[in-house]
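Everything below concerns the one structure shown next.
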Amino acid sequence: MFAVIYRWRLIPGREAQFEEGWRAGTRAIAEEFGGWGSRLHRGADGVAVAYAQWPDRATWERALQTRMHHSDDAARARYRAAFEPDSFEILFAGEVTADLLQPRGP
């Protein structure tokens, strides 16, 4: 399993717009590129962080080389308009060596 951590600085007042676009985009990435899903976290300082899982690095890299981060589709446009330009970062990308995360609740 491969994991990636992403970061954005949200524009105040556009948090719901970002989450809506992020949800739709994450579902599309799973269907089109083989991503295993993601969890979105939001801090009090306007920063959003997502943890995404992939079957392996090669699948993630193939998705990066395609339209995953360069698409003009509606979901991507919604979420892109909700964060500060140039604030998107990949904080970490690496193999999972231990997994103690237990799914709970909604």
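Based on the Cβ-Cβ distance from Val49 to Val96, what FRET efficiency comes out when R0 is 25 Å, to the nearest 0.05? Walk me through the numbers on the way to the answer.
Values: r = 17 Å, r/R0 = 0.68.
Plugging the Cβ-Cβ distance into 1/(1 + (r/R0)^6) gives 0.90.
Got the relative contact order for the chain handy, in percent, Cα pairs under 8 Å and 6 or more residues apart? The partial results should precede the final answer.
Values: 159 pairs, mean separation 49.9, N = 106.
It comes to 47 percent, rounded to a whole number.
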Which values, in whole Å and largest first, are the semi-axes of the equivalent ellipsoid of the chain obtained as the square root of 5 times each eigenvalue of the Cα gyration tensor? 22, 17, 13
Running a GNM on the chain with Cα contacts under 10 Å, which residue among Ala44, Ala77, Ala24 ends up with the highest mean-square fluctuation? Ala44
What nm distance separates the two modelled labels at Arg57 and Glu31, each placed 7 Å from Cα along Cα→Cβ? 3.1 nm
Considering only protein heavy atoms, what is the solvent-accessible area of Arg7 at a probe of 1.4 Å, reported in Å² to the nearest 10? 50 Å²
Sequence order, segment 52-66: Karplus ³J(HN,Hα) from phi using 6.51 cos²θ - 1.76 cosθ + 1.60, θ = phi - 60°, Hz rounded, Gly and Pro as x, gives 10, 10, 9, x, 6, 4, 4, 5, 4, 5, 4, 5, 4, 6, 9
If amide H atoms are built 1.01 Å from N in the plane of the peptide, which residues on other chains or at least 5 residues away come under 5 Å of the amide H of Ala82? none
Chain lengthening between His41 and Gln17 when straightened (0.36 nm per residue, less Cα-Cα): 7.2 nm
Hey, if we sort Trp8, Trp36 by accessible area with the 1.4 Å probe, largest down, what's the order? Trp36, Trp8
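The values are calculated or read from the model by the stated rules, or taken from the named source; none is laboratory data. Computed from a prediction, not measured in an experiment: that's the story for all the values here. So basically every Cβ, Gly included, is an ideal-geometry build from the backbone, and we count neighbours across all protein chains shown. The area values use the complete protein model at the heavy-atom level, side chains included, leaving out ligands, DNA and RNA. Shrake-Rupley method; radii C 1.70, N 1.55, O 1.52, S 1.80 Å.
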